[in-house]
Amino acid sequence: YIQKNLSGYYELAGTIDVSPDRKKLVVPQERLTLYDFNVNNGRVSNPVVLDSIPAPDSLTSMRDSLFSTYYGAVFSPDNSKLYTSVQSSSTLSWPLDPDDIGVFQFDLSSGNPDTMAASKIRLSFTGRVFAMQRAPDGKIYGARHSNKLSVVNQPNLPGQSCQFEEEGFLLQVGSATWGMPNTGTIYTHRRFFSSTLDSSYCSNPRTLTPKHTTGWAYTWNDGLTGTIRVVDTPGIYWVKYNVPINSPCKYDIHIDTFRVVFVLTTQHFDTTMHDAGMCKADTVWLHPVNESAYNYLWEDGSTDAVREVNRPGNYTVTYQIDSLCQYYRDDFVVTYPENDYKVSFKADTVVCKDELLQLVNTSHSLYKEFTWYLGNGDSSFSYSPEITYPEPGTYEVQLISYLNDLCRDTARRYIVADTPYTAFFTLNPGHICEGEAITIYHEMQSHTIKELYWQYGDGTGYAAGGSPLRHAFDQSGILSVSLHASFRACPESVYTAGVTVSPLPRVDLGRDTGLCFNGNPVVLHNKLLQDREYLVYKWNTGAVTPEIKLTQPGTYSLTLTDKRSGCNATGSVEVIKDCYIDIPNVFTPNGDGTNDYFFPRGLLAEGVQRFRLQIFNRWGQLLFETIEAEGRGWDGKYNGKDQPGGVYIYLVEIVSDNGIREEYKGNVTLIR
């Protein structure tokens, strides 16, 4: 758009954009303003100023207008971002703040004016982007007054992640100056909706017909096609189809909705259950007027013909007698006397089979005669009978008594008879060495178990139910493992089995020791006194004697095996060389801080009384000599000059603290 004032000067120029969801409109000027947009009537409302750029008092040309305010503006494809541009020109008579020039992004996702205004992010620092427009490929392109377009590659992403490129697209022909191509027109078909209330009776089919039968592409809600639909169940049905408008190329979309209901006639019967001769909360059987009908439905959802109730209230049942769509309804009003005379008894609900069970009668004192049904086919007329159940299972016990000729009460209780179990388990193996574990297998899986408790004979125990179990023993002897099983009704069962735990041989080779130059050998033996008659010795050197003599450093171990139990134990000791030298065979004096000097290393300074190192070339010329045991060594030079790479001869003389003299000769390679 371009706006002039009364004097003919250009005041505002720029582009307007409507968001893809057609809910927002943006106008770039000296104030970047966001509006709510009504797509139905074209009205804009609720202006929100996202940013403003101060303008001069007067603008004399459209060019000045283009370079003084926001010009380009476009929404991202997902409506969450707004991209705008501000230009600059050296021909203007007033300078713009450099921070006001470039391409900017605003985040609109919050909907809050302050948050949207504060989300301004600068993407470009040059004012050479003019109109901006969304493209079918999901990107945003901007005119630059050249044959190159700017590109926003990911316009839905925030900040620099949107991947803005100043010159991201090259036009093969022509150039883009102020504007971009017009947006194509989108044609939307009008939609019309209609609703019809149809009534039908029973299961007689009902035919549904659309409002218009001259269209095409009739599709019903369940996928069926055609202009006629026959239904025999109530519900909501709809059909979608196209209706032509003057020509086959234009059409409206129609959706017709049908609500189908079934209307059934109903007859009512009322029945009142009087309280004469009834006990409070006594069982009442409600019988419909017609017990040969079908489709019974009580108010609680039950579908039996006869209803059993034991509390006052209003009860209703509906049912059908014939197929003429006629329903019958019976209403029952049940009332009870105020006095409560009950029959009752107490008993354990869970017992062990063959256990004597006492049924304790706690009925009201007005009841005198009683009939017991014990659930196993037996009955009793005793006041409080005793009974045993020889087979496990669930038994329903009923106590019935009459207060008078019309008033009867019944008490029920379910008795569960459990099967007694004997605890049992197996151990594998039954003989182990100290520190080893055994595996315990058991099959106690009855739901009547309350707890399984294990005692392992070594002072430990815990409750557990899984199988198998594992337990390690850290003491020797013949230990008793026992399982205590307690049940909810049957007596506790205990099972015990023994495990033999043999002790391990004891191995102690003493502390780590050391060797020195030509020193005495080290003798290793087990320092713990044991009966050697039953022990088998095996050193890691291959020796099978009780003791060994060593002249070389290393780690030595002894394994003792008890021939009686097969148990074994191993001990080890490290023998180190207290004083030795480590002479390298190559060095690289290149100044990199690694291997720049030739010198014997290791524990050279420990236990050494005198030391001398000499280096000779192949003609026997002495190039280097030192008696410092902790010096750097030879740096590959002679009289300050680098010696060539090659093989040199060294001589090392050492006198240890014990007076023993050792001499080492060899070759070392100098690498350059």
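The values are calculated or read from the model by the stated rules, or taken from the named source; none is laboratory data. What you see is a predicted model; the values in this text were computed from it and never measured. So basically every Cβ, Gly included, is an ideal-geometry build from the backbone, and we count neighbours across all protein chains shown. For the accessible areas, the whole protein counts, side chains as well, though only heavy atoms, and no ligand, DNA or RNA atoms are used. Shrake-Rupley method; radii C 1.70, N 1.55, O 1.52, S 1.80 Å.
Kindly indicate whether any position in region 327-350 is within 16 Å of residue 408 (Cα to Cα), outside any loop (DSSP other than H, G, I, E, B) and open to solvent by less than 70 Å² (accessible area, probe 1.4 Å). The answer is yes; a qualifying residue exists.
With region 110-188 as the region, which strands (runs of 3 or more DSSP E) entirely inside it contain at least 2 residues that are open to solvent by 70 Å² or more (accessible area, probe 1.4 Å) and touching a strand residue (DSSP E or B) at 6+ places or on another chain (Cβ under 9 Å)? Give the steps one after another, and end with the answer.
Values: elements: 121-124, 132-134, 140-142, 148-152, 164-170.
Output list reads 164-170.
Kindly provide the set of residues from region 414-429 that are open to solvent by 20 Å² or more (accessible area, probe 1.4 Å) and in a strand (DSSP E or B), ordered by number. Steps first, please.
As a first pass, look at region 414-429 and keep what is open to solvent by 20 Å² or more (accessible area, probe 1.4 Å): 414, 416, 419-422, 424, 426-429.
If the condition is that a residue be open to solvent by 20 Å² or more (accessible area, probe 1.4 Å) and in a strand (DSSP E or B), then 414, 416, 426, 427, 428 are the ones that fit.
For region 378-388, residues that are over 56 Å from the mean Cα position of the chain (by Cα) and in a loop (DSSP other than H, G, I, E, B) total 6. The single condition from (1) farther than 30 Å from residue 505 by Cα; (2) among the hydrophobic types (A, V, I, L, M, F, W, C); (3) surrounded by 12 or more Cβ atoms within 10 Å (Cβ to Cβ) that residue 432 fails is (1).
Quick check on residue 441: is it within 39 Å of the chain's Cα centre (by Cα), of a type in the set (Ser, Thr, Tyr) and surrounded by fewer than 18 Cβ atoms within 10 Å (Cβ to Cβ)? Steps first, answer last, please.
On the way: within 39 Å of the chain's Cα centre (by Cα): yes; of a type in the set (Ser, Thr, Tyr): yes; surrounded by fewer than 18 Cβ atoms within 10 Å (Cβ to Cβ): yes.
In short, yes.
With a requirement of 3 or more residues that are surrounded by 11 or more Cβ atoms within 10 Å (Cβ to Cβ), the strands (runs of 3 or more DSSP E) lying completely within region 215-259 that satisfy it span 216-220, 235-245.
Within region 389-413, the residues that satisfy the criterion of being over 27 Å from residue 356 (Cβ atoms), part of a loop (DSSP other than H, G, I, E, B) and open to solvent by 60 Å² or more (accessible area, probe 1.4 Å) are 404, 405, 406.
Would you list the strands (runs of 3 or more DSSP E) that sit entirely within region 278-323 and hold 2 or more residues that are modelled with pLDDT of 85 or more, over 24 Å from residue 412 (Cα atoms) and more than 50 Å from the chain's Cα centre (by Cα)?
Numbers: elements: 284-286, 294-298, 307-309, 313-320.
Output list reads 313-320.
Pairs are defined by a Cβ separation below 9 Å, a sequence spacing of at least 6 or placement on different chains, a first member in region 366-378 that is under 16 Å from residue 414 (Cβ atoms), and a second member that is open to solvent by 90 Å² or more (accessible area, probe 1.4 Å); the pairs so defined are 372/381; 375/394; 375/414; 376/391. Checking the structure you have, find out if any residue of region 613-622 is more than 60 Å from the chain's Cα centre (by Cα), modelled with pLDDT under 90 and surrounded by 12 or more Cβ atoms within 10 Å (Cβ to Cβ). No - not one qualifying residue is present in region 613-622. Against the list (1) farther than 27 Å from residue 659 by Cα; (2) part of a loop (DSSP other than H, G, I, E, B); (3) touching a strand residue (DSSP E or B) at 6+ places or on another chain (Cβ under 8 Å), the condition residue 629 fails is (1). Of all residues in region 631-671, exactly one satisfies the criterion of being of a type in the set (S, T, N, Q), over 20 Å from residue 588 (Cα atoms) and open to solvent by 70 Å² or more (accessible area, probe 1.4 Å), namely 658.
Please go through region 142-156 and give me each residue that is closer than 21 Å to residue 16 by Cβ and more than 42 Å from the chain's Cα centre (by Cα), ordered by number. Please lay out each step first, then the result.
Narrowing region 142-156 to residues closer than 21 Å to residue 16 by Cβ: 142-145, 149-150, 152, 155.
Answer for region 142-156, where residues must be closer than 21 Å to residue 16 by Cβ and more than 42 Å from the chain's Cα centre (by Cα): 142, 143, 144, 145, 149, 150.
Among the residues of region 543-599, those that are part of a strand (DSSP E or B), open to solvent by 30 Å² or more (accessible area, probe 1.4 Å) and over 30 Å from residue 609 (Cβ atoms) comprise 547, 559, 561, 568, 570, 572. Strands (runs of 3 or more DSSP E) fully within region 486-542 that include at least 2 residues being open to solvent by less than 50 Å² (accessible area, probe 1.4 Å) and touching a residue at least 24 places away in the same chain (Cβ under 8 Å): 493-502, 513-515, 522-525. Within region 641-664, which residues are part of a loop (DSSP other than H, G, I, E, B) and modelled with pLDDT of 90 or more? If the condition is that a residue be part of a loop (DSSP other than H, G, I, E, B) and modelled with pLDDT of 90 or more, then 643, 644, 645 are the ones that fit.
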